[in-house]
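**Student:** Once you've had a glance at the structure underneath, I'll fire off some questions.
Bear in mind that the values in this text are calculations on the coordinates, not laboratory data. Just so it is clear, the model here is predicted, and its values are computed rather than measured.
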Amino acid sequence: MKITKNASLKSYNTFGIDAKANMLISINHEDELIDFLEKISDTSEIKILGGGSNILFINEQIEQAIIKNDIKGIAIVSEDDGDVLIQVGAGENWHDLVTWAVENNLGGIENLALIPGTVGAAPIQNIGAYGVEIKDVFEALTAIHLQQKKEYVFTKDECEMDYRDSIFKNEWKGQLCITRVYLRLKRPPHQINSSYKDISNALEKHKIDLATIKDIYKIVVDIRSHKLPDPNDIGNAGSFFKNPIINKEHFEAFISKFPNAPHWKINDNEFKIPAAWLIDQCGYKGKRKGNTGCYKNQALVLVNYGNAKGKEIWSLSKEIQKTVFEKYQIKLIPEVNFWE
Ligand code: FAD
Ligand code: NAP
């Protein structure tokens with residue numbers, strides 16, 4: 001365990017916001033976490049930090065103690081008929097896990113390559129990209145309850161994972177530190193998901209008929225490296241808002257007014273509208289406001305041009321929500337977690 005007082009959080013968040021923490025505690029094992037929790041009187045306000053790639057620090061000083069989850073380890077737990085159950089420490093880097101899986105020819109998460117952050121945070125918003133979500137391979141997780149100081153096990157059903165959502169963003173929000181995650185990966189023959197155009201176009205371009213998980217991994221890494229801003233160069237937290245999902249009645253009114261709007265049917269009553277398109281149509285793509293703005297290649301990504309305060313980015317996000325709502329009557333919901 002390492003405790004740092006008045007710690008700078010600049011290198012602990014991909015927005016690169018220069019906030020400070022009264023106390024930052026790095027833990028490498030569940031026992032260290034329990035030890036720490038037992039030493040302090042009020043554990044209700046504690047915050048848990050992973051890779052800081054989905055957080056916006058609004059205040060410049062974070063008063064609550066912050067636990068940096070550094071629990072590591074990747075292990076095969078069991079193997080059965082081509083299914084391989086793995087246990088991963090919550091502090092492992094997500095992309096490193098994907099690379100490990102592909103190197104070991106284990107399929108299921110290759111479409112999720114190059115998503116920043118830790119394994120422990122991945123189930124919280126049910127990370128997803130290119131038609132795959134962690135819930136497709138998720139088995140269970142363990143977590144320590146911060147107030148009760150005891151371990152809970154959550155099975156897949158109990159996590160209630162949905163589009164960029166889970167029980168950890170709702171009922172259990174802020175109460176747990178996820179410690180280990182169990183995933184069920186596959187030995188060959190693999191099921192390849194190339195449903196997104198960027199992937200199918202790349203396969204066509206490289207004349208690959210029978211793609212392997214390694215091909216998909218390489219393609220995703222290549223597309224993402226070109227399309228998204230690298231947080232090391234320009235601060236961002238990926239998509240700032242979720243893609244809105246609206247019901248049939250709302251969709252019919254919307255599409256009759258804006259017939260060229262891109263959309264995806266989720267089921268008979270739900271339709272997804274890309275938030276990037278809505279923001280772009282309101283003139284925000286590439287637009288700069290002081291130290292912040294919307295990225296030139298992807299309007300959904302709000303960026304820090306260098307010295308932005310959390311409040312500036314927050315305030316731009318509010319303005320975008322208002323403008324989009326006035327034009328389209330669609331409410332954008334932030335995907336990023338706000339820390340005050
Ligand atoms: P953090 O930002 O550290 O934390 C996020 C939230 O989870 C916080 O509320 C925190 O308190 C909580 N938390 C973190 N770890 C734990 C834990 N162990 N126990 C309990 N609570 C915890 N997301 C996608 O879904 N798909 C994408 O394709 C994608 N692309 C991205 C691209 C870029 C360039 C960036 C910057 C972000 C992208 N994201 C994407 C968002 C982000 O990478 C994911 O949400 C990721 O899972 C966040 O992990 P983290 O460890 O950085 O979490
Ligand atoms: P894209 O492929 O240009 O697609 C634009 C939007 O249309 C995406 O939001 C995607 O929804 C939707 N879409 C595209 N093809 C679809 C299909 N076949 N079926 C259903 N929906 C479809 O998006 P992009 O910006 O380059 O991102 C590529 C992938 O990485 C997406 O899945 C995106 O979610 C993910 N990503 C996420 C973040 C983040 O921070 N959350 C950041 C960057 C990229 P979905 O978003 O629902 O997939």
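**Student:** For segment 196-304, take the alpha-carbon Rg, divide it by the Kirkwood Rh, and send me Rg/Rh.
**Tutor:** That ratio is 1.04, to two decimals.
**Student:** Computed from the mean reciprocal separation of all distinct C-alpha pairs, what Kirkwood hydrodynamic radius does segment 41-105 have, in Å? Can you show the working numbers first?
**Tutor:** On the way: mean 1/r = 0.0684 Å⁻¹.
Final number for the Kirkwood radius of segment 41-105 is 14.6 Å.
**Student:** For the chain, how big is Rg over Rh, using alpha carbon atoms and the Kirkwood form of Rh?
**Tutor:** When Rh is taken as the Kirkwood radius, the ratio is 0.97.
**Student:** Now a separate question. Give the shape of segment 188-248 as rounded, prolate or oblate, defined through the alpha-carbon gyration tensor: a ≥ b ≥ c are the square roots of its eigenvalues, a/c under 1.5 means rounded, and otherwise the shape is prolate if a/b is larger than b/c and oblate if not. Don't skip to the answer; put the middle values down first.
**Tutor:** Values: a/c = 2.38, a/b = 1.36, b/c = 1.75.
Taking the square roots of the gyration eigenvalues as a ≥ b ≥ c, segment 188-248 is oblate.
**Student:** What does the convex hull of the Cα atoms of segment 7-60 come to per residue, in Å³, rounded to a whole number?
**Tutor:** 94 Å³
**Student:** For segment 171-180, in order, what is each residue's ³J(HN,Hα) by Karplus, 6.51 cos²θ - 1.76 cosθ + 1.60 with θ = phi - 60°, in whole Hz (x at glycine and Pro)?
**Tutor:** 3, 9, 3, x, 9, 10, 10, 6, 10, 9
**Student:** Can you check how the C-alpha radius of gyration of segment 294-333 compares to 2.2 N^0.38 Å, as a plain ratio? Numbers along the way, then the final one.
**Tutor:** Working: Rg = 11.1 Å, N = 40, 2.2 N^0.38 = 8.9 Å.
It is 1.24.
**Student:** Starting from 0.36 nm per residue, how many nanometres of slack lie between residue 93 and residue 45 once their C-alpha separation is accounted for?
**Tutor:** 14.7 nm
**Student:** Can you tell me the Rg and the Dmax, both Å, for the Cα atoms in segment 1-140?
**Tutor:** Cα only, segment 1-140: 16.6, 52 Å (Rg, Dmax).
**Student:** Counting each DSSP H run of 4 or more residues in the chain as -39500 (n - 2.57), what helix-only mean residue ellipticity at 222 nm follows after dividing by all residues, to the nearest 500 deg cm²/dmol?
**Tutor:** -7500 deg cm²/dmol
**Student:** For segment 97-145, what value does the Rg/Rh ratio take when both radii are computed over Cα atoms and Rh is the Kirkwood radius, given to two decimals?
**Tutor:** Value, to two decimals: 0.96.
**Student:** Can you list, largest first and rounded to whole Å, the semi-axes you get for segment 123-256 by taking the square root of 5 times each eigenvalue of its Cα gyration tensor?
**Tutor:** Rounded to whole Å, the semi-axes are 30, 22, 17.
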